[in-house]
1. What FRET efficiency comes out for the pair residue 147/residue 175, r = Cβ-Cβ distance, R0 = 30 Å, nearest 0.05?
2. Using the basic label-point model (7 angstrom from Cα toward the beta carbon), what is the residue 214 to residue 242 distance in nanometres?
3. Could you tell me which of rounded, prolate or oblate describes the range 25-217, using a ≥ b ≥ c as the square roots of the eigenvalues of the alpha-carbon gyration tensor, with rounded for a/c under 1.5 and, failing that, prolate when a/b is larger than b/c and oblate otherwise?
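Read-outs: derived from the displayed coordinates by stated rules, not from any lab. Just so we're clear, the structure is a prediction, and the values are computed from it rather than from any experiment. Virtual Cβ from ideal backbone geometry, glycine too; neighbours counted across all protein chains shown.
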């Protein structure tokens, strides 16, 4: 009985030390702006993520440098990828894969290439990188065929400017202070965006912080969008009447007597 009590006392005494060691670094992140407004002359926007790494003064310095991974995910939609198959002289849509609840916008920014920060297995496990960001945790759901379609999805969305990887997108302004600009193109959809910031050292995650921003329509664009949604029949009727009016006006202007 005395041995059990002594062992319990030793564990209780060691527990705070373990917690303090595991939480040696604290990550603080903030956005330069939490809202992007779409107006008639909107051509895209840029936000900046600022962060600070706070260290416990009692902890010793680490031998490996700090690494930062910023992952921005936009509104989620159902995305469909089809594979072209050749049948004789023509190409048709063949095998397809659906990606439910997948972000339409995805940006990954790091202070150096991911391959220099961690191993490929670690990146896959922690879901770091464009291909790995939405990889399912269940291995059986992500076979070689699904991986091929996932890579094709990333390539297609990169061509549209909605997916991007910035391997030097995070800049350390000092040993603890960093910033990361986020380019939001004009084609980015409206909705809520999440920003995940993860601190690494030697390929090991030390701290994580999440923030967000939103893209909204404002002014005449918002009134038109709200009107089309709230009064769909009236919006459709006005569109038909406007098309008839423009057609009649064109016939009058360009009429040959």
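1. 0.20
2. Each label point lies 7 Å from its Cα, and together they span 2.6 nm.
3. Values: a/c = 2.56, a/b = 1.43, b/c = 1.78.
Judged from the Cα gyration tensor, the range 25-217 comes out oblate (a/c at least 1.5, b/c at or above a/b).
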